[in-house]
Amino acid sequence: RARASEMAEDKMNVTYRDMQDRLHIPIRETTDDQIEGDKAREYGLFMARQDRWDELAEKIKQHDQARDATPAGVSLAELMAFGARSDVVRAAEHSLLHGKPAQDSDFFSGIEALETVLFERPDDYAIALIVAHMHIDIGWAWRGARSTESVQELNREAFEAHFVRATDILSDFDPHEMHSAALSAARCALLPGKTDPSAHLIREFESLIELDADNPRHMRALGNYLLPRWYGSHQGLDLEARRTAARTLDVWGAGAYTWVWFDALLVDPDGFDILEVEYFLDGVKDILERRPNQHIANLLAAHLFQSWQITRARYHQTGCRPDLPPALRRGFEDIVHNHLRELHPLIWGHAEIGFENTARIISPERLANKGQETALNAVAMPFLKKLQAGETIQFGPDGINQNQR
């Protein structure tokens, strides 16, 4: 009997590696989202290096007014603005690698050069966005990601000074008057520099989501800021997720409840304690119905898989929330069976570390390799018995074929 038990356990421990010749799913190492994003950043960088500021500004405003974005929802206007300031920001980050300027560093000349471009075009909100975001980025480079208590006085003062300058630049432009989502998003990015960010948070994000409800990244950022480690609480986050869902019902159905909780859950799993899982999964279904593409399918599948693993471990000892792991597993398996047709490894790698939170300190190659391993293992799980029985599972654009060997 003991031997039979061991054999059964060995069988359950079989991974996709033992059966990878029978699990076939296309892997997209470079996605349309990455290609589009890189193209927009490179355009901004090229135009800035050529001093073709007026052309660049017009292109940024066109994309902003049209709400053009990559499949992941990253604004093309913001990507171009990022490219345009990236030389200056990179120089600052390199100089401030150890929390203070390197000897003989001259990154201030780059700041002055961009300030001059703005001085010559004081009424151009696209140029204002580039320069304001430059100050926000450099402010964070001074401050670092440490807790408030451990930031040195010099670094804190530099952080605050750059945020004050960015605030001054943007104060001349009203996002609603200009119908600009990029300006509204920049105002949200200024929140960490305010004396009492929580007093402004909901109003600023409501304004942004009203201007650009189609873009889920704003809702994801809102949820992250509402975590206790920033400016809110789990109860406040859940309330705001419900309010946002009510306001965007015609755009996302229940999807906004899912988007507001999305990043927050993987960053701070304490949120699972109060999550209404059926509402969350209704939101997943509504999102897939409205955005039937492989980027979204991978994003949601990777999230639900990680959530399932986290809650399974988290509540195993206590017996609390017994509804969560099986519900999340069902949601994950539904996406695999009915929506997932190819794997995007980088998304799965980001999901393991809480999406974008620590992405800057891990190489994309390593992240993608880890993500691919996780994704293949995850996708094999719903078919484990069939794979063990010798069946071949083939994913294609039109569905999944399962053949007996």
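The values are calculated or read from the model by the stated rules, or taken from the named source; none is laboratory data. This structure is a prediction, so every number in the text was calculated from the model and none was measured. Methodologically, a virtual Cβ is constructed for each residue, glycine included, from the backbone with ideal geometry; neighbour enumeration extends over all protein chains shown. Keep in mind that these areas ignore ligands, DNA and RNA; they rest on the heavy atoms of the full protein, side chains included. Shrake-Rupley method; radii C 1.70, N 1.55, O 1.52, S 1.80 Å.
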Quick one: if the Förster radius is 35 Å, what FRET efficiency do residue 179 and residue 293 give, using the C-beta to C-beta distance and rounding to 0.05? 0.85
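Which whole-number percent gives the relative contact order of the chain, counting Cα pairs below 8 Å spaced six or more residues apart?
Working: 536 pairs, mean separation 61.6, N = 405.
Contact order relative to length: 15 percent.
Determine the share of the chain's accessible area contributed by carbon and sulfur atoms, expressed in whole percent, with a 1.4 angstrom probe.
Values: 9880 of 19860 Å².
Of all accessible area on the chain, carbon and sulfur atoms account for 50 percent.
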Just to confirm the number: angle between the C-alpha axis of helix 255-267 and the first principal axis of the chain, 0 to 90 degrees, nearest 10? 90 degrees
For a quick protection proxy, order the peptides 129-136, 277-284 by their average other-Cβ count within 10 Å, most packed first. 129-136, 277-284
Over region 173-320, what relative contact order in percent results from Cα pairs under 8 Å that are six or more residues apart? 16 percent
Using only the alpha-carbon atoms, how far is helix 125-143 inclined from the longest principal axis of the chain? Give it as 0 to 90 degrees, nearest 10. 70 degrees
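Which value in Å is the Kirkwood Rh of region 230-353 over different Cα pairs? Write down the numbers at each step before the final one.
Values: mean 1/r = 0.0682 Å⁻¹.
Roughly 14.7 Å, rounded to one decimal.
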With only alpha-carbon atoms counted, please give the Rg and Dmax of region 169-274, in Å. 13.4, 43
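Taking 0.36 nm per intervening residue step and subtracting the Cα-Cα distance, what contour gain separates residue 242 from residue 200 on full extension?
Length gained between residue 242 and residue 200: 13.2 nm.
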Based on the mean of other beta carbon atoms within 10 Å per residue, what is the order of 29-37, 346-354, most packed first? 346-354, 29-37
Give me Rg over Rh for region 280-363, both radii from the alpha carbons and Rh done the Kirkwood way, two decimal places. 1.00
Extension gain residue 274-residue 68, at 0.36 nm per residue separation less the Cα-Cα distance, in nm? 70.7 nm
How far is helix 198-211 tilted, in degrees, relative to the longest principal axis of the Cα atoms in the chain, given as a value from 0 to 90 rounded to the nearest 10? 80 degrees
To the nearest Å², the heavy-atom accessible area per residue of region 270-338 with 1.4 Å probe amounts to 44 Å²
DSSP beta bridge pairing in the chain, given as percent antiparallel to the nearest 5: 70 percent
The chain: Lys pairs at Cα distance under 20 angstrom, eight or more positions apart or on different chains: 4
Suppose the Debye formula is applied to equal point scatterers at every Cα of the chain; what is log10 I(q)/I(0) at q = 0.10, 0.11 Å⁻¹? -0.74, -0.88
